[in-house]
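Rule-based calculations on the coordinates, nothing more; no lab input. Nothing here was measured: the structure is a model prediction, and the numbers come from that model. So basically every Cβ, Gly included, is an ideal-geometry build from the backbone, and we count neighbours across all protein chains shown.
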């Protein structure tokens, strides 16, 4: 089995003066980043961290997140990054699930993670030369998400997953001597981590921003020689609004657009200013990209073919593989597919069958093998690239004293792609609260992006003869 060293250490040997990371007005060469990571390894060793230990992290994008990620790799330890937009109540079950040996948090977020040590001051004054080798099966990250049942699931991604994802992306997008990826996606999402690892494996530079900002993104494209970026439809539109028809420089090669279908007029608007925007379909369990348009063969009408090294198929309800034009469940096989769900053997066995990842998304392949995604999981709502699980929102609403039961569905939205709308059945003998009161109730337990945009009261929720909630009926009602 192939053994891998730390790509930052390798870069420090091969091209020590090449730029590896920028953040907050500072820059690190591979040599400087290698030395910084050594200090973080020493700090982790001083806390007793080593191979197999799990470290939970609550942070927005920060250079320290990069230092920590590569330091954990040198120790063989595993990172469990937590969504910085979640509330204290939402984070608690995720931390309990991963049972970390150490928790770290940026100072501004520390109150949400009791017992967490400060990320900013974690660095050691001494350094360490420890640098374990890893192989394809070495666990690197547990990416936690609340499942449709509300119980957390953590996708376990390996060194082999990240390296295969990097190879596939490079093969699909074309070789670049030293790519400079703009890091606006959060490092607690697979897309952000894919950029972090991809630049290191390819000897490039991660131009890391704390968060997405359209003005800052345009400056990075124009002034910092950024070559690649990953966006969603809403952020692409905001970038184009700022540019106001101004063309991108030749140094900028392309942007991957994920998070759901992208309006063709928006893609055409991007190309009018020289910004090649490629649609992509991916998921956490497959370490980011599964299918992506090819630069020389992109029309914005599909998510493209499977990336090199990945197999993609559509399976019907009878388990038979569908032909071109036939709709069914999207399944994926290849070296980017996760090792499984952390401590969830039943969920793992349900998701992985004979090496195929059952995404539970619906799609169709055309005669050229290009994928069109019809639905990203039956109930899942994708709002501007953020996943919202109806069961989680419904549970919060159902706890309101005036609500007998609730149902949340996604409806089409021009800006966000989809937004959540809540249907509520009243509890007898209780006065119906105002929309403002319901929103305030939800904010106590839910991140802002999960809040319903509307609250619609009905006498009773529609159910079929089997007692199953008819979400399609509710969705049509909300859209009408």
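Annotation: the residues 68, 374, sorted from fewest to most other C-beta atoms within 10 Å of their own C-beta, follow the order 374, 68.
Peptides 183-193, 225-235: what's the order by average Cβ count within 10 Å, highest mean first? Each step should come with its number before you reach the end.
Working: 183-193: 24.6, 225-235: 22.8.
In decreasing order of mean packing, 183-193, 225-235 become 183-193, 225-235.
Applying 0.36 nm per residue to the separation of residue 470 and residue 354 and subtracting their alpha-carbon distance, the gain on full extension is 38.5 nm.
Rounded to the nearest 5, what is the percent of antiparallel bridges among the DSSP beta bridges in segment 59-180? The partial results should precede the final answer.
Values: 7 of 10 bridges.
Given both bridge residues lie in segment 59-180, the antiparallel proportion sits at roughly 70 percent.
Taking the average, over residues, of other Cβ atoms within 10 Å as the packing measure, peptides 346-353, 281-288, 419-426, 16-23 rank 281-288, 419-426, 16-23, 346-353 from highest down. Label-to-label distance for residue 454 and residue 415 is 1.6 nm, based on points extended 7 Å past Cα in the beta-carbon direction.
Out of all Cα-Cα pairs in segment 381-479, roughly what percent, to the nearest whole number, are more than 24 Å apart? Please report the intermediate quantities before stating the final value.
On the way: 849 of 4851 pairs.
For segment 381-479, the share of Cα pairs beyond 24 Å comes to 18 percent.
Axis of helix 30-46 versus longest Cα principal axis of the chain: the two differ by about 70°, to the nearest ten degrees. Relative to the longest principal axis of the Cα atoms of the chain, the long axis of helix 190-201 lies at roughly 20 degrees. Residues 457, 181, arranged from fewest to most other Cβ atoms within 10 angstrom of their Cβ, appear as 457, 181. Return the label of the correct value of Rg and Dmax of the Cα atoms in Å, as calculated from the structure shown, out of (1) 30.2, 98; (2) 22.0, 78; (3) 22.5, 73. It is the one labelled (3). Peptide packing: for 101-110, 43-52, the average count of neighbouring Cβ atoms within 10 Å per residue gives the ranking 101-110, 43-52, highest mean first. Helix 233-243 and the long axis of the chain differ in direction by around 60°, with both axes built from C-alpha atoms.
If you average over every viewing direction, what projected area does the convex hull of the Cα atoms of segment 225-350 give, in nm²? Intermediate values should be presented prior to the final figure.
On the way: hull surface 39.1 nm².
The Cα convex hull of segment 225-350, projected and averaged over all directions, gives 9.8 nm².
On the beta carbon distance between residue 2 and residue 175, with R0 = 30 Å, the FRET formula returns roughly 0.90.
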